[in-house]
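Participant: My questions all concern the structure below.
The values are calculated or read from the model by the stated rules, or taken from the named source; none is laboratory data. All values derive from a computational prediction rather than experimental measurement. In this analysis, Cβ positions are derived from the backbone assuming ideal geometry, glycine residues included, and neighbour counts consider all displayed protein chains. Ligands, DNA and RNA are excluded from the accessible area calculation, which covers all protein heavy atoms including side chains. Shrake-Rupley method; radii C 1.70, N 1.55, O 1.52, S 1.80 Å.
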Amino acid sequence: MILRRSFRLLTVLAAMSSVLIAAPVFAADPGATTPVPVAAAVASPERARMNQRVFDRVWYEVRGQYYDPDLHGVDWNAARRTWRPVALSAPDDRTLYRALGEMLDLLDDDHAGASPPAVARRQDTLRQRRPAIGVTLRPEPSGESYLIEQVRPGSPAAEAGLAVGWRLITGEGALWTPEQDIAEGRPVTLSLVDPDGAARALTLIPRLMEPAPAFVADRSRPGVLVLTVDGFEAGLGRWMGDQLANLPPETDVVIDLRGNPGGRLAEADALLSCFLPRDRLWAARTGRSGRRVDMRTAGGCGDLDQPVTNEVAVLVDANSRSAAELTPAALQEAGRAVVVGAPTAGSVLISQETRLPDGGRLSLSRADFVTVGGVRLEKRGVTPDVAAPLTPEDRLAGRDPGLDAALAALAGPRSGPAMALQAAPAL
(Lines give C-alpha, C1' and ligand atoms only; values in the text may rest on other atoms or scores of the structure.)
Protein backbone atom coordinates (compact mmCIF):
# COMPACT_ATOMS: atom_id res chain seq x y z
CA MET A 1 0.00 0.00 0.00
CA ILE A 2 2.78 2.44 0.83
CA LEU A 3 4.51 1.77 -2.51
CA ARG A 4 1.34 2.79 -4.27
CA ARG A 5 1.46 6.08 -2.38
CA SER A 6 5.22 6.53 -2.57
CA PHE A 7 5.40 6.62 -6.31
CA ARG A 8 2.20 8.57 -6.60
CA LEU A 9 4.12 11.15 -4.57
CA LEU A 10 7.26 10.77 -6.64
CA THR A 11 5.28 12.99 -8.93
CA VAL A 12 5.26 16.59 -7.76
CA LEU A 13 2.07 17.32 -5.88
CA ALA A 14 1.06 15.30 -5.98
CA ALA A 15 3.10 15.36 -8.84
CA MET A 16 4.02 13.92 -12.52
CA SER A 17 4.42 10.30 -13.66
CA SER A 18 7.03 8.27 -11.86
CA VAL A 19 10.21 8.58 -13.86
CA LEU A 20 13.00 6.44 -12.43
CA ILE A 21 15.81 8.93 -12.14
CA ALA A 22 18.25 9.14 -9.38
CA ALA A 23 20.85 10.65 -7.16
CA PRO A 24 23.49 9.35 -4.73
CA VAL A 25 24.09 5.77 -3.63
CA PHE A 26 22.30 2.49 -3.16
CA ALA A 27 20.79 1.49 0.15
CA ALA A 28 21.67 -2.08 -0.80
CA ASP A 29 23.66 -3.87 -3.48
CA PRO A 30 21.33 -3.88 -6.53
CA GLY A 31 23.23 -6.75 -8.13
CA ALA A 32 22.65 -9.18 -5.30
CA THR A 33 20.68 -12.19 -6.45
CA THR A 34 19.44 -13.07 -2.95
CA PRO A 35 18.60 -9.96 -0.92
CA VAL A 36 18.74 -10.21 2.87
CA PRO A 37 15.22 -10.82 4.24
CA VAL A 38 13.84 -7.83 6.11
CA ALA A 39 12.89 -10.00 9.08
CA ALA A 40 16.53 -10.95 9.62
CA ALA A 41 17.66 -7.34 10.08
CA VAL A 42 17.44 -5.30 13.28
CA ALA A 43 17.34 -1.52 13.50
CA SER A 44 20.51 0.00 14.93
CA PRO A 45 20.10 2.41 17.87
CA GLU A 46 20.80 5.35 15.56
CA ARG A 47 18.28 4.05 13.03
CA ALA A 48 15.66 3.53 15.74
CA ARG A 49 16.07 7.11 16.95
CA MET A 50 15.57 8.49 13.44
CA ASN A 51 12.60 6.18 12.91
CA GLN A 52 11.06 7.59 16.08
CA ARG A 53 11.53 11.18 14.91
CA VAL A 54 9.98 10.40 11.53
CA PHE A 55 7.03 8.46 12.93
CA ASP A 56 6.25 11.04 15.60
CA ARG A 57 6.39 13.89 13.09
CA VAL A 58 3.91 12.10 10.81
CA TRP A 59 1.59 11.14 13.66
CA TYR A 60 1.46 14.64 15.17
CA GLU A 61 1.05 16.34 11.77
CA VAL A 62 -2.00 14.21 11.05
CA ARG A 63 -3.48 14.77 14.48
CA GLY A 64 -3.04 18.55 14.37
CA GLN A 65 -3.23 19.52 10.70
CA TYR A 66 -5.51 17.07 8.82
CA TYR A 67 -8.44 18.83 7.17
CA ASP A 68 -10.98 16.65 9.03
CA PRO A 69 -10.46 17.07 12.81
CA ASP A 70 -12.34 13.80 13.32
CA LEU A 71 -9.80 12.02 11.07
CA HIS A 72 -12.59 10.21 9.21
CA GLY A 73 -13.49 8.44 12.45
CA VAL A 74 -10.07 6.80 12.86
CA ASP A 75 -8.86 6.17 16.42
CA TRP A 76 -5.48 7.87 15.95
CA ASN A 77 -4.21 6.89 19.40
CA ALA A 78 -4.90 3.26 18.62
CA ALA A 79 -3.09 3.68 15.30
CA ARG A 80 -0.07 4.98 17.20
CA ARG A 81 -0.07 2.00 19.56
CA THR A 82 -0.20 -0.39 16.62
CA TRP A 83 2.27 1.16 14.21
CA ARG A 84 4.83 3.00 16.34
CA PRO A 85 6.60 -0.18 17.54
CA VAL A 86 6.72 -1.45 13.94
CA ALA A 87 8.16 1.82 12.69
CA LEU A 88 10.76 2.14 15.45
CA SER A 89 12.10 -1.36 14.79
CA ALA A 90 12.31 -0.88 10.99
CA PRO A 91 15.84 -1.73 9.75
CA ASP A 92 15.49 0.24 6.49
CA ASP A 93 13.43 2.84 4.64
CA ARG A 94 11.32 0.22 2.91
CA THR A 95 10.06 -1.22 6.19
CA LEU A 96 9.64 2.17 7.87
CA TYR A 97 7.65 3.71 5.04
CA ARG A 98 5.51 0.62 4.65
CA ALA A 99 4.51 1.02 8.29
CA LEU A 100 3.80 4.73 7.82
CA GLY A 101 1.79 3.95 4.70
CA GLU A 102 -0.32 1.31 6.41
CA MET A 103 -1.13 3.78 9.17
CA LEU A 104 -1.97 6.60 6.75
CA ASP A 105 -4.13 4.22 4.71
CA LEU A 106 -6.52 4.16 7.67
CA LEU A 107 -7.60 7.66 6.62
CA ASP A 108 -8.81 6.31 3.24
CA ASP A 109 -7.34 9.39 1.55
CA ASP A 110 -5.19 9.11 -1.58
CA HIS A 111 -3.48 12.42 -0.76
CA ALA A 112 -2.23 11.15 2.61
CA GLY A 113 1.09 9.44 1.97
CA ALA A 114 4.75 9.39 2.88
CA SER A 115 7.62 9.28 0.38
CA PRO A 116 10.99 7.77 1.39
CA PRO A 117 14.09 9.98 1.09
CA ALA A 118 15.18 8.46 -2.24
CA VAL A 119 11.78 9.17 -3.76
CA ALA A 120 11.79 12.71 -2.35
CA ARG A 121 15.20 13.31 -3.92
CA ARG A 122 13.83 12.24 -7.30
CA GLN A 123 10.95 14.66 -6.82
CA ASP A 124 13.35 17.48 -6.10
CA THR A 125 15.45 16.84 -9.22
CA LEU A 126 12.69 15.80 -11.60
CA ARG A 127 13.42 18.59 -14.10
CA GLN A 128 17.20 18.48 -13.85
CA ARG A 129 19.84 16.61 -15.81
CA ARG A 130 20.66 13.50 -13.82
CA PRO A 131 21.29 9.75 -13.97
CA ALA A 132 18.30 7.97 -15.46
CA ILE A 133 17.05 4.53 -16.37
CA GLY A 134 14.41 5.88 -18.75
CA VAL A 135 11.07 4.34 -17.78
CA THR A 136 7.80 5.82 -16.58
CA LEU A 137 5.92 3.74 -14.02
CA ARG A 138 2.35 3.55 -12.81
CA PRO A 139 1.63 1.83 -9.46
CA GLU A 140 -0.70 -1.18 -9.55
CA PRO A 141 -3.43 -1.81 -6.95
CA SER A 142 -1.52 -4.65 -5.28
CA GLY A 143 1.19 -2.26 -4.11
CA GLU A 144 3.76 -4.88 -5.08
CA SER A 145 4.34 -3.97 -8.71
CA TYR A 146 4.39 -1.14 -11.25
CA LEU A 147 3.25 -1.08 -14.87
CA ILE A 148 5.80 0.32 -17.31
CA GLU A 149 3.83 2.92 -19.26
CA GLN A 150 6.62 4.54 -21.25
CA VAL A 151 10.17 3.70 -22.27
CA ARG A 152 12.24 6.68 -23.29
CA PRO A 153 13.95 6.24 -26.68
CA GLY A 154 17.72 5.99 -26.44
CA SER A 155 17.63 5.27 -22.70
CA PRO A 156 19.32 2.37 -20.88
CA ALA A 157 15.88 0.75 -20.54
CA ALA A 158 15.22 0.93 -24.29
CA GLU A 159 18.67 -0.44 -25.10
CA ALA A 160 18.08 -3.37 -22.72
CA GLY A 161 14.86 -4.28 -24.53
CA LEU A 162 12.43 -3.12 -21.86
CA ALA A 163 9.03 -2.35 -23.36
CA VAL A 164 5.66 -0.81 -22.55
CA GLY A 165 3.43 -3.30 -20.75
CA TRP A 166 6.18 -4.97 -18.70
CA ARG A 167 5.87 -4.92 -14.91
CA LEU A 168 8.43 -4.05 -12.27
CA ILE A 169 8.06 -6.34 -9.24
CA THR A 170 8.80 -4.67 -5.91
CA GLY A 171 7.48 -7.21 -3.41
CA GLU A 172 9.44 -9.53 -1.16
CA GLY A 173 12.64 -10.73 -2.83
CA ALA A 174 12.73 -7.96 -5.44
CA LEU A 175 16.23 -7.06 -6.62
CA TRP A 176 15.54 -3.31 -6.59
CA THR A 177 12.75 -1.20 -5.10
CA PRO A 178 11.87 2.50 -5.42
CA GLU A 179 13.14 3.25 -1.91
CA GLN A 180 16.68 2.83 -3.21
CA ASP A 181 18.69 5.49 -4.99
CA ILE A 182 20.39 4.94 -8.32
CA ALA A 183 23.58 6.63 -9.47
CA GLU A 184 25.42 7.17 -12.72
CA GLY A 185 27.34 4.07 -13.75
CA ARG A 186 26.07 1.96 -10.84
CA PRO A 187 24.29 -1.17 -12.23
CA VAL A 188 20.64 -1.63 -11.30
CA THR A 189 19.05 -5.07 -11.55
CA LEU A 190 15.26 -5.02 -11.96
CA SER A 191 12.85 -7.88 -11.24
CA LEU A 192 10.44 -7.83 -14.18
CA VAL A 193 7.56 -9.74 -15.72
CA ASP A 194 7.01 -9.41 -19.47
CA PRO A 195 3.53 -9.30 -21.11
CA ASP A 196 3.63 -13.09 -21.58
CA GLY A 197 4.07 -13.61 -17.84
CA ALA A 198 7.72 -14.67 -18.02
CA ALA A 199 9.94 -13.51 -15.17
CA ARG A 200 12.97 -11.49 -16.25
CA ALA A 201 15.91 -9.93 -14.45
CA LEU A 202 17.53 -7.11 -16.42
CA THR A 203 20.59 -5.15 -15.35
CA LEU A 204 20.71 -1.53 -16.49
CA ILE A 205 23.46 1.05 -16.11
CA PRO A 206 22.00 4.51 -15.44
CA ARG A 207 23.54 7.44 -17.29
CA LEU A 208 23.04 11.17 -17.36
CA MET A 209 20.03 12.23 -19.41
CA GLU A 210 18.28 15.52 -20.02
CA PRO A 211 14.92 15.83 -18.24
CA ALA A 212 11.68 15.42 -20.12
CA PRO A 213 9.80 18.74 -20.44
CA ALA A 214 6.81 19.31 -18.17
CA PHE A 215 4.83 21.04 -20.92
CA VAL A 216 4.80 20.27 -24.65
CA ALA A 217 3.05 22.09 -27.51
CA ASP A 218 2.25 20.17 -30.71
CA ARG A 219 1.30 22.20 -33.79
CA SER A 220 1.74 19.39 -36.31
CA ARG A 221 -1.98 19.17 -37.13
CA PRO A 222 -3.55 21.97 -39.21
CA GLY A 223 -5.99 24.04 -37.20
CA VAL A 224 -5.23 22.28 -33.90
CA LEU A 225 -2.92 23.08 -30.98
CA VAL A 226 -2.31 20.15 -28.59
CA LEU A 227 -0.92 21.17 -25.19
CA THR A 228 0.36 18.27 -23.07
CA VAL A 229 0.75 19.07 -19.38
CA ASP A 230 2.54 16.45 -17.29
CA GLY A 231 2.09 18.35 -14.03
CA PHE A 232 0.82 21.65 -12.65
CA GLU A 233 4.32 22.96 -12.06
CA ALA A 234 5.62 26.48 -11.61
CA GLY A 235 5.47 28.42 -14.85
CA LEU A 236 2.51 26.58 -16.37
CA GLY A 237 0.27 29.66 -16.57
CA ARG A 238 2.95 31.77 -18.25
CA TRP A 239 3.79 28.96 -20.69
CA MET A 240 0.11 28.46 -21.50
CA GLY A 241 -0.31 32.17 -22.14
CA ASP A 242 2.68 32.15 -24.48
CA GLN A 243 1.21 29.26 -26.48
CA LEU A 244 -2.21 30.91 -26.77
CA ALA A 245 -0.97 34.42 -27.56
CA ASN A 246 -1.91 35.45 -31.11
CA LEU A 247 -3.52 32.06 -31.73
CA PRO A 248 -6.11 32.37 -34.52
CA PRO A 249 -9.60 32.04 -32.99
CA GLU A 250 -10.48 29.24 -35.42
CA THR A 251 -7.66 27.05 -34.10
CA ASP A 252 -8.93 24.32 -31.76
CA VAL A 253 -7.10 23.65 -28.50
CA VAL A 254 -6.64 20.22 -26.88
CA ILE A 255 -5.27 20.13 -23.32
CA ASP A 256 -3.91 16.67 -22.49
CA LEU A 257 -4.01 16.00 -18.72
CA ARG A 258 -3.81 12.21 -18.92
CA GLY A 259 -1.47 10.77 -16.31
CA ASN A 260 -1.16 14.20 -14.70
CA PRO A 261 -1.08 13.83 -10.89
CA GLY A 262 -1.78 17.50 -10.18
CA GLY A 263 0.46 20.06 -8.54
CA ARG A 264 0.20 23.73 -7.67
CA LEU A 265 -3.29 25.11 -7.13
CA ALA A 266 -2.15 28.55 -8.29
CA GLU A 267 -1.16 27.09 -11.67
CA ALA A 268 -4.55 25.40 -12.00
CA ASP A 269 -6.15 28.81 -11.48
CA ALA A 270 -3.77 30.33 -14.02
CA LEU A 271 -4.73 27.71 -16.60
CA LEU A 272 -8.43 28.34 -15.97
CA SER A 273 -7.80 32.06 -16.39
CA CYS A 274 -6.73 31.35 -19.97
CA PHE A 275 -10.29 30.31 -20.79
CA LEU A 276 -12.58 31.86 -18.15
CA PRO A 277 -13.18 35.54 -17.31
CA ARG A 278 -11.26 37.07 -14.43
CA ASP A 279 -12.93 36.78 -11.00
CA ARG A 280 -14.99 33.83 -12.21
CA LEU A 281 -16.18 31.64 -9.31
CA TRP A 282 -15.12 28.06 -10.04
CA ALA A 283 -14.94 26.20 -6.71
CA ALA A 284 -14.87 26.44 -2.92
CA ARG A 285 -12.56 24.87 -0.36
CA THR A 286 -13.13 24.19 3.32
CA GLY A 287 -10.29 23.66 5.77
CA ARG A 288 -9.99 22.20 9.26
CA SER A 289 -11.68 25.25 10.81
CA GLY A 290 -14.80 24.72 8.71
CA ARG A 291 -14.52 28.14 7.05
CA ARG A 292 -15.37 28.09 3.36
CA VAL A 293 -13.22 30.04 0.90
CA ASP A 294 -14.45 30.84 -2.60
CA MET A 295 -11.98 30.18 -5.42
CA ARG A 296 -12.09 32.67 -8.29
CA THR A 297 -9.93 33.06 -11.36
CA ALA A 298 -7.19 35.56 -10.63
CA GLY A 299 -5.45 35.83 -14.00
CA GLY A 300 -1.93 34.60 -14.53
CA CYS A 301 -2.27 33.30 -18.09
CA GLY A 302 0.98 34.82 -19.26
CA ASP A 303 0.53 38.29 -20.70
CA LEU A 304 -3.04 37.71 -21.88
CA ASP A 305 -5.45 40.39 -20.68
CA GLN A 306 -8.54 38.44 -21.68
CA PRO A 307 -9.35 34.73 -21.93
CA VAL A 308 -9.14 33.23 -25.40
CA THR A 309 -12.29 32.19 -27.24
CA ASN A 310 -10.89 29.11 -29.02
CA GLU A 311 -12.81 25.86 -28.76
CA VAL A 312 -11.31 23.55 -26.14
CA ALA A 313 -11.20 19.82 -25.39
CA VAL A 314 -9.55 18.36 -22.28
CA LEU A 315 -8.18 14.81 -22.24
CA VAL A 316 -8.30 12.90 -18.92
CA ASP A 317 -7.90 9.34 -17.68
CA ALA A 318 -7.93 7.29 -14.49
CA ASN A 319 -4.52 8.70 -13.56
CA SER A 320 -5.58 12.35 -13.81
CA ARG A 321 -5.58 13.51 -10.20
CA SER A 322 -6.05 16.53 -7.98
CA ALA A 323 -5.50 19.75 -10.00
CA ALA A 324 -5.86 17.65 -13.16
CA GLU A 325 -9.43 16.96 -12.00
CA LEU A 326 -10.30 20.40 -10.64
CA THR A 327 -9.39 22.02 -13.94
CA PRO A 328 -11.50 19.90 -16.34
CA ALA A 329 -14.39 19.95 -13.85
CA ALA A 330 -14.40 23.75 -13.78
CA LEU A 331 -14.20 24.05 -17.58
CA GLN A 332 -16.86 21.37 -17.99
CA GLU A 333 -19.29 23.01 -15.56
CA ALA A 334 -18.72 26.40 -17.19
CA GLY A 335 -19.57 24.86 -20.57
CA ARG A 336 -16.18 26.04 -21.78
CA ALA A 337 -14.67 22.69 -22.80
CA VAL A 338 -15.63 19.18 -23.78
CA VAL A 339 -13.96 16.57 -21.57
CA VAL A 340 -12.80 13.41 -23.34
CA GLY A 341 -11.27 10.13 -22.16
CA ALA A 342 -11.91 8.02 -19.06
CA PRO A 343 -13.24 8.91 -15.58
CA THR A 344 -10.59 10.55 -13.40
CA ALA A 345 -9.16 9.21 -10.15
CA GLY A 346 -11.37 11.05 -7.66
CA SER A 347 -8.36 12.20 -5.62
CA VAL A 348 -9.25 15.84 -5.19
CA LEU A 349 -8.60 16.98 -1.62
CA ILE A 350 -6.24 19.96 -1.43
CA SER A 351 -2.96 18.88 0.12
CA GLN A 352 0.39 20.22 1.24
CA GLU A 353 3.76 18.60 1.78
CA THR A 354 5.97 18.50 4.88
CA ARG A 355 9.66 17.56 4.89
CA LEU A 356 10.42 14.75 7.35
CA PRO A 357 13.54 14.53 9.57
CA ASP A 358 15.22 11.86 7.41
CA GLY A 359 14.64 13.75 4.13
CA GLY A 360 11.41 11.95 3.28
CA ARG A 361 8.17 13.77 2.61
CA LEU A 362 4.64 13.70 4.03
CA SER A 363 1.68 14.70 1.88
CA LEU A 364 -1.45 15.53 3.85
CA SER A 365 -4.89 16.86 2.91
CA ARG A 366 -5.51 20.31 4.36
CA ALA A 367 -8.85 21.23 2.71
CA ASP A 368 -11.95 19.72 1.13
CA PHE A 369 -13.16 20.87 -2.27
CA VAL A 370 -16.49 21.27 -4.07
CA THR A 371 -17.05 22.54 -7.59
CA VAL A 372 -19.10 25.62 -8.41
CA GLY A 373 -21.96 23.22 -9.10
CA GLY A 374 -21.73 21.85 -5.56
CA VAL A 375 -20.13 18.55 -6.61
CA ARG A 376 -17.60 16.92 -4.27
CA LEU A 377 -15.17 15.19 -6.61
CA GLU A 378 -13.32 13.21 -3.93
CA LYS A 379 -13.95 9.47 -4.50
CA ARG A 380 -16.09 10.45 -7.49
CA GLY A 381 -13.87 12.08 -10.12
CA VAL A 382 -14.80 13.76 -13.36
CA THR A 383 -16.96 11.91 -15.89
CA PRO A 384 -15.99 12.72 -19.49
CA ASP A 385 -18.54 14.07 -21.94
CA VAL A 386 -17.06 11.68 -24.51
CA ALA A 387 -15.79 8.27 -23.38
CA ALA A 388 -12.55 7.22 -25.06
CA PRO A 389 -10.43 5.00 -22.80
CA LEU A 390 -6.90 4.04 -23.80
CA THR A 391 -6.34 0.27 -23.63
CA PRO A 392 -2.99 -1.50 -23.22
CA GLU A 393 -3.41 -2.77 -26.77
CA ASP A 394 -3.84 0.81 -28.01
CA ARG A 395 -0.69 1.85 -26.19
CA LEU A 396 1.36 -1.01 -27.61
CA ALA A 397 0.08 -0.29 -31.12
CA GLY A 398 0.75 3.44 -30.83
CA ARG A 399 -2.94 4.32 -31.17
CA ASP A 400 -4.54 7.25 -29.32
CA PRO A 401 -8.34 6.92 -29.35
CA GLY A 402 -8.65 9.72 -26.79
CA LEU A 403 -6.94 12.28 -28.98
CA ASP A 404 -8.87 11.03 -32.01
CA ALA A 405 -12.15 11.47 -30.11
CA ALA A 406 -11.15 14.95 -28.91
CA LEU A 407 -10.36 16.06 -32.46
CA ALA A 408 -13.65 14.60 -33.69
CA ALA A 409 -15.60 16.38 -30.94
CA LEU A 410 -13.97 19.70 -31.82
CA ALA A 411 -14.62 19.16 -35.51
CA GLY A 412 -18.32 18.52 -34.90
CA PRO A 413 -21.23 20.98 -34.60
CA ARG A 414 -20.56 23.93 -32.27
CA SER A 415 -24.18 24.50 -31.28
CA GLY A 416 -24.14 22.35 -28.14
CA PRO A 417 -23.90 23.84 -24.64
CA ALA A 418 -20.44 22.37 -24.02
CA MET A 419 -18.81 25.17 -25.98
CA ALA A 420 -20.93 28.06 -24.77
CA LEU A 421 -19.79 29.77 -21.56
CA GLN A 422 -22.43 29.20 -18.90
CA ALA A 423 -23.24 31.58 -16.04
CA ALA A 424 -21.55 30.70 -12.76
CA PRO A 425 -24.07 29.76 -10.04
CA ALA A 426 -23.55 31.01 -6.50
CA LEU A 427 -22.15 28.50 -4.04
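Participant: Counting DSSP beta bridges in the chain, what percent are antiparallel, to the nearest 5?
Facilitator: Details: 45 of 62 bridges.
Around 75 percent of the beta bridges assigned by DSSP in the chain are antiparallel ones.
Participant: Just Ala324, Ala387, Ala160 to compare: in a GNM of the chain, with alpha carbon springs under 10 Å, which one fluctuates most?
Facilitator: Ala160
Participant: Something else: Ignoring ligands, DNA and RNA, what accessible area per residue does region 61-107 give at 1.4 Å, in Å²?
Facilitator: Working: 2020 Å² over 47 residues.
Value for region 61-107: 43 Å² per residue.
Participant: Return the ratio Rg/(2.2 N^0.38 Å) for region 272-354, where Rg is computed over Cα atoms only. It would help to have the intermediate numbers written out before the result.
Facilitator: Details: Rg = 13.9 Å, N = 83, 2.2 N^0.38 = 11.8 Å.
Scaled against compact globular proteins, the figure is 1.17.
Participant: I would also like to ask the following. Hey, how many Å between the Cα centroid of region 132-181 and the Cα centroid of region 301-380?
Facilitator: What the calculation gives is 27 Å, centre to centre.
Participant: Also: What is the packing order of peptides 329-341, 133-145, 294-306, taking the mean over residues of other C-beta atoms within 10 Å and listing the highest first?
Facilitator: On the way: 329-341: 24.5, 133-145: 19.2, 294-306: 16.8.
Ranked by mean Cβ neighbours within 10 Å, highest first: 329-341, 133-145, 294-306.
Participant: Would you be so kind as to identify which of Thr286, Ala112, Val54 lies farthest towards the positive end of the dipole of the chain, taking Lys and Arg as +1 and Asp and Glu as -1 on Cβ and the Cα centre as origin?
Facilitator: Sorting the options by dipole projection puts first Val54.
Participant: Using 10 Å bins from zero, what percent of all Cα-Cα pairs in the chain falls into each bin?
Facilitator: All Cα pairs considered, the percentages come to 5, 21, 30, 25, 14, 4, 0.
Participant: What Kirkwood hydrodynamic radius do you get for region 207-287 when you take the inverse of the mean 1/r over all pairs of distinct Cα atoms, in Å? Please list the in-between numbers first.
Facilitator: On the way: mean 1/r = 0.0706 Å⁻¹.
Averaging 1/r across every pair of different Cα atoms and inverting gives 14.2 Å.
Participant: Any chance you could get the radius of gyration and Dmax over the Cα atoms of region 72-136, in Å?
Facilitator: Spelled out, the Cα radius of gyration and Dmax of region 72-136 are 15.1, 44 Å.
Participant: Around Val314, which amide H atoms from residues at least 5 apart in sequence, or from another chain, sit under 5 Å from its own amide H, with H modelled in the peptide plane?
Facilitator: Residues meeting the criterion, in which the H sits 1.01 Å from N, are Ile255, Val338, Val339, Val340.
Participant: Taking the convex hull of the Cα atoms, report for region 261-315 its projected area averaged over all directions, in nm². All intermediate terms of the calculation are to be shown ahead of the outcome.
Facilitator: Working: hull surface 19.3 nm².
That works out to 4.8 nm².
Participant: Take the Cα atoms of region 286-419, find their three principal axes, and give me the spread along each one in whole Å, biggest first.
Facilitator: The Cα atoms of region 286-419 stretch 51, 40, 31 Å along their principal axes.
Participant: Divide by every residue of the chain the summed helix terms, -39500 (n - 2.57) for each DSSP H run of at least 4, and state the resulting mean residue ellipticity at 222 nm, rounded to the nearest 500 deg cm²/dmol.
Facilitator: Numbers: 11 runs with 114 residues, N = 427.
Theoretical 222 nm ellipticity from helices: -8000 deg cm²/dmol.
Participant: Sticking with this structure for a sec: State the three equivalent ellipsoid semi-axes of region 162-247, derived from the C-alpha gyration tensor as the square roots of 5 times its eigenvalues, in descending order and whole Å.
Facilitator: Each semi-axis is √(5λ); the values are 38, 17, 12 Å.
Participant: I would also like to ask the following. Roughly how many debye, to the nearest 20, is the charge dipole of the chain about its Cα centre, given +1 on each Lys and Arg Cβ, -1 on each Asp and Glu Cβ, and no other charges?
Facilitator: On the way: 47 positive and 52 negative charges, 195 e Å.
Computed about the Cα centre, the dipole is about 940 debye.
Participant: Place a point 7 Å from the Cα of Glu140 along the Cα-to-Cβ direction; which residues of region 168-186 have their backbone N under 19 Å from it?
Facilitator: 168-179
Participant: What number results when the radius of gyration of region 76-217, computed over Cα atoms, is divided by 2.2 N^0.38 Å? Before the final figure, lay out each step's value.
Facilitator: Values: Rg = 16.7 Å, N = 142, 2.2 N^0.38 = 14.5 Å.
Rounded to two decimals, the normalised Rg is 1.16.
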